[in-house]
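This report refers to the structure that appears directly beneath it.
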């Protein structure tokens, strides 16, 4: 039996990357899972037991804030007990590939993205929130860049979650990467032909700067169309101040409300550049078309003329103008919900698990022959 270790950076809340680790565990049920920081509230089935470090105890003393501990995470990863495994599968955001320095086994890195805030100065400025934040994030970014470059030669195979992320791996690490899109729970979202679509557009997700809900709000104002914004986050106050009467904020909602809004809107808007983007695929699982900026993960998920349309990437003003033009003329009836749903099914968890198993088996076989 192949002995598999799975490494994740932290379990401090549950999100898309933690769902990926859950699919790793489904793929290799006997694998051991490791992470430097583990908060029990960040665990979901099937991830039940995680080998952590003293940083978990420190996390409790910080009031549940992981940011102060991040400079200590690389060293904790390099000291993980990973030498008795046949292969190590890493889930990487910024530091996890450091685990490659703790083992002689082949390492497969599933990269959600190289640390974008470390490599992309513009992105870092957008996320930092003030001069002090920029200085702190700049110092942490330098640490992340050094760590990623130090670990890169030890990676046996790199898998990116989108073609945009694969290009970053090449540009920033100098490595090739294959692409396996992340799993989306498409079975939780379904079309309902009895639901009549209404005259509003939807923007859903965390209200944080890089998701650019501000561009959707400005485009809706310019086009004179209704917009519903779902989600919460630190950008909420600025967005509320920007919005006019055409925009309604519903805050954080249940999965049932989210599905209902997917089914009733004309289209989902994706105004930011995502590494991949789970929300657009959920919308497509409901037979809903997507209007997206033609960059990042949207290039992997949106098929123009079939599942939605792109607007060209560019300056904020150019994106707002192009998106407003699309909103004025958009008609969801021009798209076949069944075709949209069929495309969403290609991102199902079983597809992800099969492709991951095939890739990792290939690495193990090559090592045994080599």
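If the condition is being within 17 Å of the chain's Cα centre (by Cα) and within 16 Å of residue 31 (Cβ to Cβ), then the stretch 72-114 contributes 90, 91, 96, 109, 110.
Determine, yes or no, whether residue 250 is buried (at least 19 other Cβ atoms within 10 Å of the Cβ), assigned by TED's automatic domain parsing to the domain that holds residue 307 and in contact with a strand residue (DSSP E or B) (Cβ under 6 Å, 6 or more places away or on another chain). Judged against the criteria, residue 250 is not a match. Residues that are under 10 Å from residue 218 (Cα atoms) and touching a strand residue (DSSP E or B) at 6+ places or on another chain (Cβ under 8 Å) within the stretch 320-333 comprise just one, 323.
The residues listed here are 207, 227; of these, the one that is without any contact (Cβ under 8 Å) to a residue 60 or more places away in the chain, in contact with a helix residue (DSSP H, G or I) (Cβ under 7 Å, 6 or more places away or on another chain), in a loop (DSSP other than H, G, I, E, B) and buried (at least 22 other Cβ atoms within 10 Å of the Cβ) is 207. Filtered by the rule that a residue be within 19 Å of residue 79 (Cα to Cα) and surrounded by 15 or more Cβ atoms within 10 Å (Cβ to Cβ), the stretch 146-188 gives 147, 148, 150, 151, 152, 154, 155. Return a yes/no flag: does the stretch 258-278 have any residue that is under 20 Å from residue 300 (Cβ atoms), in contact with a helix residue (DSSP H, G or I) (Cβ under 7 Å, 6 or more places away or on another chain) and part of a helix (DSSP H, G or I). Among the residues of the stretch 258-278, at least one is under 20 Å from residue 300 (Cβ atoms), in contact with a helix residue (DSSP H, G or I) (Cβ under 7 Å, 6 or more places away or on another chain) and part of a helix (DSSP H, G or I), which makes the answer yes. Cβ-Cβ distances below 6 Å connect the following pairs, each with a first residue in the stretch 343-370 that is more than 19 Å from residue 184 (Cα to Cα), a second residue that is surrounded by fewer than 15 Cβ atoms within 10 Å (Cβ to Cβ), and a separation of six or more residues or different chains: 364/2. Taking helices (runs of 4 or more DSSP H) as the structural unit, no element lying wholly within the stretch 289-370 holds at least 2 residues that are modelled with pLDDT under 95, surrounded by 15 or more Cβ atoms within 10 Å (Cβ to Cβ) and in contact with a helix residue (DSSP H, G or I) (Cβ under 7 Å, 6 or more places away or on another chain).
The values are calculated or read from the model by the stated rules, or taken from the named source; none is laboratory data. Just so you know, these numbers come straight off a predicted model, no measurement behind them. No Cβ is skipped: glycine too gets one built from the backbone with ideal geometry, and neighbour counts run over all protein chains shown.
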